[in-house]
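These notes concern the structure reproduced below.
The values are calculated or read from the model by the stated rules, or taken from the named source; none is laboratory data. Remember, it's a predicted structure, so these values are computed and weren't measured experimentally. With ideal geometry, Cβ positions are generated from the backbone for all residues, glycine too; neighbour counts draw on all protein chains shown.
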Amino acid sequence: MEKILKIFEKYLVLFLLLLMMLTVAATAIELTTVLYTQLMKPPYLALDVAEAIEVFGFFLMVLIGLELLESIKIYIEKHRVHAEVVFLVAIIAVSRKVIILDYSKTAPETLWGISSIILALSIGYFLVRRSQHESIGN
């Protein structure tokens with residue numbers, strides 16, 4: 001039974017990797033389309049703030065996808081989830097939210113919550129990195 005579960009897990013992870021690759025490729029194509037469309041509107045080769053924020057949001061979405069691909073790749077190779085990559089994905093995702101957030105319509109409590117999440121993720125990332133460097137040094 002355990003052998004069947006291992007085989008199932010292997011193919012499921014490979015399927016997820018394929019889906020993530022397709023998603024990242026589709027997002028990159030969408031980014032290219034959005035950027036081209038925005039740059040070809042008059043005034044040509046100029047972006048207003050809203051358009052730039054939309055483009056940056058797509059860039060960060062592609063980066064999130066690439067980091068998730070890295071996480072799946074590490075899982076396939078080492079059969080474990082790499083905590084550092086998980087923290088990086090979360091930090092990039094929260095950063096994306098901060099960049100595209102409309103501050104005029106956001107409650108102060110939400111901003112405090114987001115800042116708390118950023119602080120917690122930063123501390124967590126620092127501690128994971130420090131523990132990895134200490135274990136390598138010993």
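For the range 25-45, the tally of residues that are under 26 Å from E67 (Cβ atoms) and either among the small types (G, A, S) or surrounded by 12 or more Cβ atoms within 10 Å (Cβ to Cβ) (or both) stands at 9.
Say we look at the range 48-70 and pick out the residues that are among the acidic types (D, E) and within 21 Å of V86 (Cβ to Cβ); which of these is farthest from the chain's Cα centre (by Cα)? The residue in question is E70.
Which members of the range 50-85 meet the condition of being of a type in the set (A, V, I, L, M) and part of a loop (DSSP other than H, G, I, E, B)? First the steps, then the outcome.
Quick first cut of the range 50-85, residues of a type in the set (A, V, I, L, M) only: 50, 52-53, 55, 60-64, 66, 68-69, 72, 74, 76, 81, 83, 85.
If the condition is that a residue be of a type in the set (A, V, I, L, M) and part of a loop (DSSP other than H, G, I, E, B), then V81 is the only one that fits.
Looking at this structure, is Y44 among the aromatic types (F, W, Y), over 19 Å from the mean Cα position of the chain (by Cα) and modelled with pLDDT under 90? So Y44 fits the description; yes.
Go through S116, S104, S135 for me and flag whichever is within 28 Å of L69 (Cβ to Cβ), among the polar types (S, T, N, Q), exposed (fewer than 12 other Cβ atoms within 10 Å of the Cβ) and more than 17 Å from the chain's Cα centre (by Cα).
Details: S116 fails: within 28 Å of L69 (Cβ to Cβ); S104 fails: within 28 Å of L69 (Cβ to Cβ).
Just one listed residue meets the conditions, S135.
Checked against (1) within 29 Å of E51 (Cβ to Cβ); (2) out of contact with any Asp or Glu (no Cβ under 6 Å at 6 or more places or on another chain), S122 meets all criteria but (1). The C-beta contact set for the range 14-29 (first residue more than 12 Å from I72 (Cβ to Cβ), second residue assigned to a helix (DSSP H, G or I), distance under 8 angstrom, 6+ apart or interchain) comprises T27/F58; T27/M61; T27/V62; T27/G65; A28/V62.
Being part of a helix (DSSP H, G or I) and either of a type in the set (A, V, I, L, M, F, W, C) or farther than 21 Å from R96 by Cβ (or both) is true for just one of L35, L47. Which residue is that? So that I can check it myself, show each step before the final result.
Values: L47 fails: part of a helix (DSSP H, G or I).
The conditions single out L35.
Scanning the range 86-109 for residues that are under 15 Å from G57 (Cα atoms), part of a helix (DSSP H, G or I) and free of Cβ contacts under 8 Å to residues at least 24 places away in the same chain returns K97, V98.
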